[in-house]
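Notes follow the structure.
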Amino acid sequence: MLRQERPRDAIKALNTLPKDMSDAYTEVLARIDKNLGRDTALQVLSWIFHAQRPLQMAEIRELLSIETQSPDTELYPEYFIDPIQIIRYCQGLVELDHHSGIIRFTHYTVQEFLKENYLDKILVPADLAKVCLTYLNFDIFDCGPCPDSDSLDQRRDSYRFSDYAVKYWGTYIRGKTEEDDDIFDALLNLFKSSNKCNATHQHRRWIDSPWKGFIKSPACTPLHIIAREGLSTVYDRINSLNNISDPKISERVSSGTIS
């Protein structure tokens, strides 16, 4: 409207403005759908919508860079998108709190609108779960648990999304998503590695209960992970594999103790 040269054109433009918030959001989303950065904006809106806690821009930048088909095994900082560009792609629906580093919806009504009108277009929990599991299958976790708390904190600083992935991956899987074959395969890949299981368990214990002290040599089996996350369907599926190609999986599902 402000770009109109003549008063007549400006008034006509004023009459075409959205009449309410719903119309405004519909217009913004239609604009996002036509512009460069559509897929990035959709991912950002989806992650904030499904977030189990406020997400930081550093976490968003990492997860946006991850490829789940032919899955990445490491982070590639050269693929990180600039924060300013991420905000621009979302066309005013999200904002960055520069003090806390949190990226969030500009107003709570964005969440409500997406839930009521856009739920079929945003990513589903299974899509988010694949990102989390790809992350937890990174080579860095195959190095095993950290020898001390300083080393673990350094790993967390280098892999900013690790806290979120370690703590909330099960939330996105629990239920019908447990039947997804790609997710099941990613879980089996995780369960094959005792180093990954122990590293993620150590990480989870440290961020959940740091006052309990650092655990240098945690022991955690797939069965404990499955039980902790409440993945009953995953348990049934693994239990039904009488001819598992890798016997390490069945052995680790049925044995071991957490210390």
- Phi angles of segment 179-189, converted by Karplus (6.51 cos²θ - 1.76 cosθ + 1.60, θ = phi - 60°) into ³J(HN,Hα) in whole Hz with x for Gly and Pro, give 7, 5, 5, 5, 5, 4, 5, 5, 5, 4, 5
- Note on the structure: HN-Hα couplings for segment 98-104 via Karplus (6.51, -1.76, 1.60; θ = phi - 60°), in whole Hz with x for Gly/Pro, come out as 5, 6, 9, x, 7, 9, 8
- Message: Within 10 Å, Cβ to Cβ, of Leu133, how many net charges do the neighbouring residues add up to if Lys/Arg are +1 and Asp/Glu are -1?
- Response: -1
- Message: Suppose the chain between Phe80 and Thr26 were pulled fully straight at 0.36 nm per residue; how much longer would it get relative to their current alpha carbon spacing?
- Response: 16.6 nm
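Nearest 0.05, what FRET efficiency do Asp157 and Thr68 give at R0 = 22 Å with Cβ-Cβ as r? Before the final figure, lay out each step's value.
On the way: r = 24 Å, r/R0 = 1.09.
Between Asp157 and Thr68 the formula returns 0.40.
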- Message: If I fit a long axis through the Cα atoms of helix 149-158 and take the longest principal axis of the Cα atoms of the chain, what angle between them do I get, 0 to 90°, rounded to 10?
- Response: 40
- Note on the structure: Non-local residues with an amide H under 5 Å from the amide H of Val94, with H modelled 1.01 Å from N and Pro and chain starts lacking one, are Thr106
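I need to check one value: relative contact order of segment 71-209, counting alpha carbon pairs closer than 8 Å and at least 6 residues apart, in percent.
Values: 115 pairs, mean separation 39.9, N = 139.
In percent, rounded to a whole number, it is 29.
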- Query: Can you give me the relative contact order of segment 31-88 as a percent, contacts being Cα pairs under 8 Å and 6 or more apart?
  - Reply: 29
- Query: Spin-label point model (7 Å from Cα, Cβ direction): what's the Arg38 to Lys216 distance in nm?
  - Reply: 5.6
- Item | Amide H within-cut-off set for Leu55, under 5 Å, with H built and near neighbours excluded | Ile103
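Quick one: which of 106-114, 72-80 comes out on top by average Cβ neighbours within 10 Å, and what's the full order, highest first? The partial results should precede the final answer.
Working: 106-114: 15.4, 72-80: 12.2.
In decreasing order of mean packing, 106-114, 72-80 become 106-114, 72-80.
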- Item | Helix-only CD estimate at 222 nm, as mean residue ellipticity for the chain, using -39500 (n - 2.57) per DSSP H run (n ≥ 4) | -17000 deg cm²/dmol
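Could you work out the local net charge near Leu45, counting Lys and Arg as +1, Asp and Glu as -1, over the other residues with Cβ closer than 12 Å to its Cβ?
On the way: positive: Arg38, Arg104, Lys115, Lys121; negative: Asp33, Asp39.
Here the charged neighbours net out to +2.
None of the figures in this text is laboratory data; all of them are computed from the coordinates on show. Remember, predicted model here, so these are calculated numbers, not experimental data. Because the Cβ atoms are built from the backbone with ideal geometry, glycine has one as well, and the counts that use them run over all protein chains shown.
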